[in-house]
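So the structure is just underneath, and the comments pick up after that.
The values are calculated or read from the model by the stated rules, or taken from the named source; none is laboratory data. The model shown is predicted, which means the values in this text are computed figures rather than measured ones. Heads up, the Cβs are rebuilt from the backbone with ideal geometry, glycines too, and the neighbour counts pull from every protein chain shown. Please note that ligands, DNA and RNA were not included when accessible areas were found on the heavy atoms of the full protein model with its side chains. Shrake-Rupley method; radii C 1.70, N 1.55, O 1.52, S 1.80 Å.
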Amino acid sequence: SNMIKDGSELLLLVPALAGVVGSIVLPVLGAVPDGAIVIFSGLGDDAQQEVSVGVGALAGSTIMLLTVPWMLSIIAGRVAMVDGEPQYVKPKGWAKGQPWAKITDDTTFMNS
């Protein structure tokens, strides 16, 4: 796993290959260890039970890896709605470098 990560970082340093590496090569290299886990989990006496455990673990990790960034993007991208219109402005009193306060019903905006 660490060797794949190190090699993929080196491939990203080649400007001509960076687009292909980021969009095709890295996802394939990331899927190889997962596929190997499922394939090798089927070796043994009770192959069906072993494979179902391997596939379950793979599905669980995939769902988690998709859900966490989605949840974080929803939280980070929230905006206030006024009369059904999104308000894409910074709250009053916001200074550069200061974190945004949680948007609530009583939040006031600079242009309202």
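Quick notes on this one:
- Test: residue in the stretch 52-59 that is closer than 22 Å to residue 27 by Cα and among the β-branched types (Val, Ile, Thr): yes
- Residues (open to solvent by 70 Å² or more (accessible area, probe 1.4 Å) and outside any helix (DSSP H, G or I)) located in the stretch 38-80: 43, 45, 46, 78
- Residue pairs meeting the criteria (Cβ under 9 Å; at least 6 apart or on separate chains; first without any contact (Cβ under 8 Å) to a residue 60 or more places away in the chain and hydroxyl-bearing (Ser, Thr, Tyr), in the stretch 54-83; second open to solvent by less than 90 Å² (accessible area, probe 1.4 Å) and in a helix (DSSP H, G or I)): 61/34; 62/34
- Top-ranked residue of the stretch 12-37 - restricted to ones that are part of a loop (DSSP other than H, G, I, E, B) and farther than 19 Å from residue 2 by Cα, ranked as most open to solvent (accessible area, probe 1.4 Å): 15
- If the condition is being assigned to a helix (DSSP H, G or I) and loosely packed, with under 11 Cβ neighbours inside 10 Å, then the stretch 1-11 contributes 2, 3, 6, 10.
- Contact map, the stretch 23-46: first residue on the phi > 0 side of the Ramachandran plot and without any contact (Cβ under 8 Å) to a residue 24 or more places away in the chain, second residue surrounded by 12 or more Cβ atoms within 10 Å (Cβ to Cβ) and of a type in the set (A, V, I, L, M), Cβ cut-off under 8 Å, separation 6 or more or different chains; the map is empty.
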